1. With an 8 Å Cα cut-off and a minimum separation of 6 or more residues, compute the relative contact order for chain A in percent.
2. Of all beta bridges DSSP finds with both residues in the stretch A:324-409, what is the antiparallel percent, to the nearest 5?
3. How do A:Glu17, A:Glu267, A:Glu176, A:Glu47 rank by accessible surface area computed with a 1.4 Å probe, from largest to smallest?
4. Could you give the size of the charge dipole of the stretch A:259-414 about its Cα centre, using +1 on the Cβ of each K and R and -1 on the Cβ of each D and E, expressed in debye and rounded to the nearest 20?
5. Please name whichever of A:Val142, A:Gly274, A:Ala243 sits farthest to the positive end of the charge dipole of chain A, dipole taken about the Cα centre and charges placed at Cβ: Lys and Arg +1, Asp and Glu -1.
6. Give a residue-ordered list of calculated ³J(HN,Hα) values for the stretch A:113-121 (Karplus: 6.51 cos²θ - 1.76 cosθ + 1.60, θ = phi - 60°; whole Hz; x for Gly, Pro).
7. Taking all protein chains as present, what is the carbon and sulfur share of the accessible area of chain A, in % to the nearest whole number, probe 1.4 Å?
8. Of A:Asn127, A:Gly7, A:Ile29, whose Cα points farthest to the positive end of the dipole of chain A (charges on the beta-carbon: +1 Lys, Arg; -1 Asp, Glu; origin at the Cα centre)?
Amino acid sequence: MISTVRGMRDILPADMERWQRVETVARQICGCYGYRELRTPLIEREELFVKGTGESTDIVQKEMYAFADKGGERVTLRPEATPGIVRAFVEHGLEQSLSVPKLFTLGPMFRYERPQKGRYRQFHQLNIEVFGVGDASLDAEVIEMACTLVSALGIDETELVISSVGCPVCRPAFSEALLKALGEDLPKLCGDCQRRATSNPLRIFDCKVPADQPIVDGLPHSEDYLCDACRGHFEAVQGYLRAYDQPFQVSHRLVRGLDYYTRTTFEIRSLKLGAQNALLGGGRYDGLVKELGGPDRAGIGFAAGLERLVLALPESDDAVLPDVFVAAIGEANREAAFVLARALRAGGLRTLVDYEARSAKAQMKRANRAGVRHVVIVGDDELARGEVTVKTMATGEQHGVARDRVVDSLLSAL
RNA sequence: GUGAGUGUAGCUCAAGGGUAGAGCGCCGGACUGUGGCUCCGGAUGUUGGGGGUUCGAAUCCCCUCACUCACCCCA
């Protein structure tokens, strides 16, 4: 048997109900906040992510599905959506054509990682992005919208963590301060941290090695090294969040793995999901549009992991069941049954029929298993009277209905 | 990329060298035109794959693949 490729998975009918719930709520909320949907290709030029996501990130260094196509073009399956959306924003001059440059997209991403709970090589994200607005009120609105999405889905036991990673003006000073504070403790840290010290010192805060914690806990905090502009911005964001009565915690240890973030970053975690607990994460990326060849515009957004939202979704039993089963009694009446089924479907009823001329009993069994509310029985006796029998499964009650009245009768019964 | 655990029927799992099983589900019958409950009957497996040890391997050994969880990283 040929099976799925590693890290890929089928989303089966039994799961689709939950997926559709997530997607429907997501679209509805995006609409309320003024976002317009767009879709960008799954395949982009490799350089888009090298420049956009960042050369030093794990995503670019080891997780991209990158290859040369038959024309020799270096392309890659998108590992994240933001660079593609920025490209589309610039390429189509959306700044001019959209009254508000708020965009969202929904679709698959690809990262070559070792799969585990909540992490797959093909996974799906909801991305929202806003261009051209640098004000802290937008940061707060984006964060508040993310929280609204999560709670609208009925997901509880979550925490919102926010941070500020500063800007190109103040971040170098903070990195330097970190290394200085580390001083001779650096060799005592784990191997990963030693590497981080040279590549991206902020990442040292990501360390989970217990032995490192006393040292990491003693390091300076990013808040204390923000420039005046960044500090003011971060305080304003928090002010708005308080005005929204939106609980949050400030963490100096929240470091996002993408190079382009500036100032505000945030993450919503589920407390009951296991190791891959980030439901959604995002932040501001004020330099990215320009970096990718566009005008110098601010940017902010987040990505929500649909698999993880589905995983965190509360149980519910609102499965969509068919309405009616049309049972033909006897070979001669099958044609009449199919014709009736067409009429029921034209009336908007979810209608099942049997294709294998089974016994009445077998058809009833199927109808019961399918969960229909009513069975329409088409047999010699009722056809002779110009009727069919309608049986209500829940009560077992049944009665004759004129053939040409069945659709209306069932529509009003449901 | 690293580590650990697990692979047996559609699903959940037994059998730890001697003929591959149960429950659930599925199909049929009891009830020749009526579901659920009950009873009876039936189908289904290259025991993940390959190699080895053995008279004999689901079982022991090696390799490989997949899945799961964790590290890493992130949605």
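The values are calculated or read from the model by the stated rules, or taken from the named source; none is laboratory data. Every value quoted in this text rests on a predicted model; they were computed, and no experiment measured them. Neighbour counts are summed over all protein chains in view; Cβ atoms, including those assigned to glycine, are modelled from backbone coordinates with ideal geometry. Remember, those area values only see protein heavy atoms, side chains included, never the ligands or the DNA or RNA. Shrake-Rupley method; radii C 1.70, N 1.55, O 1.52, S 1.80 Å.
1. 15
2. Among the beta bridges of the stretch A:324-409, antiparallel pairing accounts for roughly 55 percent.
3. Values: A:Glu17 50, A:Glu267 20, A:Glu176 135, A:Glu47 110 Å².
The most accessible residue leads, giving A:Glu176, A:Glu47, A:Glu17, A:Glu267.
4. On the way: 21 positive and 21 negative charges, 41 e Å.
Dipole size: approximately 200 debye.
5. A:Gly274
6. 10, 6, x, 7, 4, x, 9, 9, 6
7. Details: 10250 of 20530 Å².
On chain A, the fraction of accessible area on carbon and sulfur atoms equals 50 percent.
8. Comparing the listed Cα positions along the dipole, A:Gly7 ranks first.
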